[in-house]
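Trainee: Before we start, here is the structure in question, set down as structure tokens.
The values are calculated or read from the model by the stated rules, or taken from the named source; none is laboratory data. Remember, it's a predicted structure, so these values are computed and weren't measured experimentally. Virtual Cβ from ideal backbone geometry, glycine too; neighbours counted across all protein chains shown. Heads up: the accessible areas ignore ligands, DNA and RNA and are worked out on the full protein's heavy atoms, side chains in. Shrake-Rupley method; radii C 1.70, N 1.55, O 1.52, S 1.80 Å.
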Amino acid sequence: MRTRPTATQCGMTFPEVLVAILLLAIFCGSVFELNAVCLRYIDSSKESVAALQSVHDRAEVLRNLAFTDLTSTATVQSTLTSPANSSDFCKKATETVTISAYPTANGMTQFTRTPDGTVTLNSTATDLGTTLVQVDISNSWNMLGGRARSEQTSTIISNGTKK
């Protein structure tokens with residue numbers, strides 16, 4: 001003779017357990033993927049901040065040069081042989097420095113520093129003048145996944161006396 005099970009004797013069937021496990025797996029997978037996306041965004045923002053800091057550090061180094069040294073290709077090229085700062089970011093970014101006369105450019109002097117520290121003189125201005133120059137500094141790098149990124153700044157430097 002069979003007795004009917006009471007409410008305390010009921011359990012879950014195998015298909016119900018499988019559906020519950022599937023829902024749990026989907027939930028955990030989406031949480032882990034969300035975590036991975038957040039970590040990529042954090043890494044991207046760290047690289048952007050490091051690039052911005054590197055660009056500003058290089059601008060400060062160039063601002064502190066005497067005007068005659070700033071318009072000398074040999075001096076600027078030797079200055080660029082060392083990275084802008086000691087961050088790991090400088091080991092993976094390509095830095096470009098462009099110097100031109102201001103307000104009317106008569107050509108431009110452009111240097112490129114590769115991540116391995118090689119400095120290349122890309123072009124030389126015919127005349128940078130004796131009063132004002134515009135200095136453009138940019139860093140470019142590839143993020144995880146090969147997406148190109150860059151940060152840049154531009155400043156005008158005057159030939160004046162330092163106080």
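Trainee: In the chain, what percent of the accessible surface is made up of carbon and sulfur (1.4 Å probe, ligands and nucleic acids excluded)? Can you show the working numbers first?
Mentor: On the way: 6360 of 10780 Å².
Ligands and nucleic acids excluded, carbon and sulfur reach 59 percent.
Trainee: Hey, how many Å between the Cα centroid of segment 88-160 and the Cα centroid of segment 9-57?
Mentor: So the separation of the two Cα centres works out to 39 Å.
Trainee: While we're on this one: Around Gln53, what is the net charge, scoring Lys/Arg as +1 and Asp/Glu as -1 over all other residues with Cβ under 15 Å from its Cβ? List each step's numbers first, then the result.
Mentor: Values: positive: Lys46, Arg58, Lys91, Lys92, Arg149; negative: Glu47, Asp57, Glu60, Asp88, Glu95, Glu151.
That works out to -1.
Trainee: Follow-up. Using only the Cα atoms of the chain, build the gyration tensor, take square roots of its eigenvalues as a ≥ b ≥ c, and label the shape rounded, prolate or oblate: rounded if a/c is under 1.5, else prolate if a/b is larger than b/c, else oblate. Provide the component values of the computation, followed by the final result.
Mentor: Numbers: a/c = 5.18, a/b = 4.69, b/c = 1.10.
Prolate, because a/c is 1.5 or more and a/b exceeds b/c.
Trainee: I would also like to ask the following. Taking only Cα atoms, what is the 0 to 90° angle, nearest 10, from helix 14-63's long axis to the longest principal axis of the chain?
Mentor: 10 degrees
Trainee: Rank these residues by their accessible area, most exposed first, probe 1.4 Å: Ile137, Ile156. Walk me through the intermediate numbers first.
Mentor: Working: Ile137 0, Ile156 85 Å².
Per-residue accessible area, sorted high to low, gives Ile156, Ile137.
Trainee: Another question, then. Would you mind getting the accessible area per residue of segment 31-86, heavy atoms of the protein chains only, 1.4 Å probe, in Å²?
Mentor: Working: 3230 Å² over 56 residues.
The answer is 58 Å² per residue.
Trainee: Let me ask another. Going from most exposed to least, what order do Val61, Val55 have by accessible area with a 1.4 Å probe?
Mentor: Numbers: Val61 55, Val55 0 Å².
Of Val61, Val55, the descending order of accessible area is Val61, Val55.
Trainee: Run the numbers for Val17 and Asn159: contour at 0.36 nm per residue of separation, minus the present Cα-Cα distance, in nm. Please report the intermediate quantities before stating the final value.
Mentor: Working: separation 142, 0.36 × 142 = 51.12 nm, distance 7.83 nm.
Between Val17 and Asn159, full extension yields 43.3 nm more.
Trainee: For Asn64 and Val31, compute 0.36 nm times the residue count separating them, minus their Cα-Cα distance, and round to one decimal in nm. Don't skip to the answer; put the middle values down first.
Mentor: Values: separation 33, 0.36 × 33 = 11.88 nm, distance 4.96 nm.
Value of the extension gain: 6.9 nm.
Trainee: Need the full-extension length gain, Ser78 to Lys91, defined as separation in residues times 0.36 nm minus the C-alpha distance. One decimal, nm.
Mentor: Here the answer is 2.9 nm.
Trainee: Also, quick follow-up: Would you calculate, for the chain, the mean residue ellipticity at 222 nm contributed by helices, counting each DSSP H stretch of 4 or more residues as -39,500 (n - 2.57) and dividing by all residues, to the nearest 500? Numbers along the way, then the final one.
Mentor: Values: 3 runs with 61 residues, N = 163.
Result for the chain, helices only: -13000 deg cm²/dmol.
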